[in-house]
Amino acid sequence: MSNKPHILVKGAGVAGMTAAVTLAERGGVVTLYDPGGRVGAGASWMAGGMLAPWCEAESAPPEVTEQSIESVDWWAAHVPDVTRAGSLVLAPARDVGEVARFGRRTSHFETIDGAEIARLEPDLAGRFHKGLFFADEGHVDPRKALVALLARLEALGGKAVFSAANEPDETGFDWVVDCTGLNVRQDLPTLRGVRGEMLLLRCPDVELHRPVRMLHPRIPIYIVPRADHVFMVGATMIESENAGGMTVRSMTELLNAAWTLHPGFAEAEILEMGTGLRPSYPDNMPRVVQDGRRVFVNGMYRHGFLLSPARAREAADIIFGRAA
């Protein structure tokens, strides 16, 4: 008889998928369950997929950077198509002071001029005269990455259940790892939802090679390139648990930012408008909480792809003991 622990992972967003794969790699017999019908049925599907530990230091506590430095390597080892081309931080001429402010709060960047901006992103030639280049960062397409993690889990012998009618019986497992976000507020009452909104645009007239953060004193925006001239533009952070459709204000701000970056976006096709509620603790730091044989991985806020590898490792250390 196998003495490997049987583990039920609930939730197939980025927290659940990274936990499931990590637990399977450590030797667990893993069953993944999500009644949403597929991987990424929640907020993770709307994510930008930026692996930017140094940029995040501008608005996040130092622990976010410290615990996510290895995230680019983790994703590159687990899914295809991780782009390691760095991140670019820019601002319109009227807000160029924001570039210096951003730099004072971050590190591991090079201050670059218009010529270097044009070398990195030829389509932006002549449009910006100062920026920051974070060469060690990367990005991934979240949707492709989550699907790839499912394939990795299944290759390790794990199985996935996506039908509510076939919900596994928790009593048949040694451990339950719960990654179901706001669904467990009865157990984690300090969780709150933070609303985010994003657009997917197709624009054949523009080519970018890396995420670009457009700074603004009130609402910074990022634009992340994906395959086939598709761009994710996001993302607002609104202290609201309203899960309704996108607001006119948010759409206007996102579209204006894209247009400011490059006028070619004026002719872009809007493929998708998305909203989601990010589960968040009061300090906006994801955490792992143990309650007997149940382990909660939750509160990913805007750091899901950055911090999920570290949180998955923490959950695995609870179940298997700390790795050497």
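The values are calculated or read from the model by the stated rules, or taken from the named source; none is laboratory data. Note that the structure is a prediction, hence the values are computed from the model and not measured. Using ideal geometry, Cβ is built from the backbone for each residue, glycine included, and neighbour counts are taken over all protein chains shown. SASA here: full protein model, heavy atoms, side chains in, ligands and nucleic acids out. Shrake-Rupley method; radii C 1.70, N 1.55, O 1.52, S 1.80 Å.
Worth a mention:
- Where a residue in the range 204-227 is more than 25 Å from Gly97 (Cβ to Cβ) and its partner, wherever it lies, is in a strand (DSSP E or B) and at pLDDT 95 or above, with Cβ under 7 Å and at least six apart: His209/Pro225; Pro225/Phe231; Arg226/Met232
- Contacts under 8 angstrom Cβ, first residue in the range 40-54 being closer than 18 Å to Leu132 by Cβ and open to solvent by less than 30 Å² (accessible area, probe 1.4 Å), partner assigned to a helix (DSSP H, G or I) and among the hydroxyl-bearing types (Ser, Thr, Tyr), 6 or more apart: Leu51/Ser68; Leu51/Ser71; Pro53/Thr65; Pro53/Ser68; Pro53/Ser71
- Listed by first and then second residue, the pairs with beta-carbon distance under 9 Å, at least 6 apart or on different chains, first residue in the range 25-36 and within 9 Å of Ala316 (Cβ to Cβ), second open to solvent by 50 Å² or more (accessible area, probe 1.4 Å) and assigned to a strand (DSSP E or B), are Gly28/His6.
- Checking Gly234 against (1) surrounded by fewer than 20 Cβ atoms within 10 Å (Cβ to Cβ); (2) under 18 Å from the mean Cα position of the chain (by Cα), the condition it does not meet: (1)
- Single unsatisfied condition, Thr252 versus (1) surrounded by fewer than 16 Cβ atoms within 10 Å (Cβ to Cβ); (2) within 30 Å of Asp174 (Cβ to Cβ); (3) not basic (Lys, Arg): (2)
- Some residue of the range 67-86 being in contact with a Ser or Thr (Cβ under 8 Å, 6 or more places away or on another chain), assigned to a loop (DSSP other than H, G, I, E, B) and surrounded by fewer than 20 Cβ atoms within 10 Å (Cβ to Cβ): no
- Residue within the range 148-164 that is free of Cβ contacts under 8 Å to residues at least 12 places away in the same chain, over 25 Å from Glu58 (Cβ atoms), out of contact with any Gly (no Cβ under 7 Å at 6 or more places or on another chain) and of a type in the set (S, T, N, Q) present: no
- Qualifying residue in the range 2-13 (condition: out of contact with any strand residue (DSSP E or B) (no Cβ under 6 Å at 6 or more places or on another chain), under 27 Å from Thr236 (Cβ atoms) and open to solvent by 10 Å² or more (accessible area, probe 1.4 Å)): yes
- Scanning the range 211-237 for residues that are part of a loop (DSSP other than H, G, I, E, B) and more than 13 Å from Leu261 (Cα to Cα) turns up Pro217, Arg218, Ile219, Ala235, Thr236, Met237.
- Against the numbered list (1) within 16 Å of Gly196 (Cβ to Cβ); (2) surrounded by fewer than 21 Cβ atoms within 10 Å (Cβ to Cβ), Pro279 comes up short only at (2).
- Flag for Ala85 being under 30 Å from Ala155 (Cβ atoms) and touching a residue at least 12 places away in the same chain (Cβ under 8 Å): yes
- The range 26-39, residues that are outside any loop (DSSP other than H, G, I, E, B) and either open to solvent by less than 40 Å² (accessible area, probe 1.4 Å) or under 20 Å from Gly181 (Cβ atoms) (or both): Val30, Thr31, Leu32, Tyr33
- Test: residue in the range 56-66 that is over 13 Å from the mean Cα position of the chain (by Cα), closer than 25 Å to Glu116 by Cα and in a helix (DSSP H, G or I): no
- Residues of the range 94-109 classified as farther than 12 Å from Cys55 by Cα and touching a Phe, Trp or Tyr at 6+ places or on another chain (Cβ under 8 Å), total: 0
- Output for the range 165-189, where each listed residue is touching a residue at least 60 places away in the same chain (Cβ under 8 Å) and farther than 24 Å from Leu306 by Cα: Glu167, Pro168, Glu170, Gly172, Phe173, Asp174, Trp175, Asp187
- Checked against (1) open to solvent by 80 Å² or more (accessible area, probe 1.4 Å); (2) under 30 Å from Val248 (Cβ atoms); (3) in contact with a Lys or Arg (Cβ under 7 Å, 6 or more places away or on another chain), Pro204 meets all criteria but (3).
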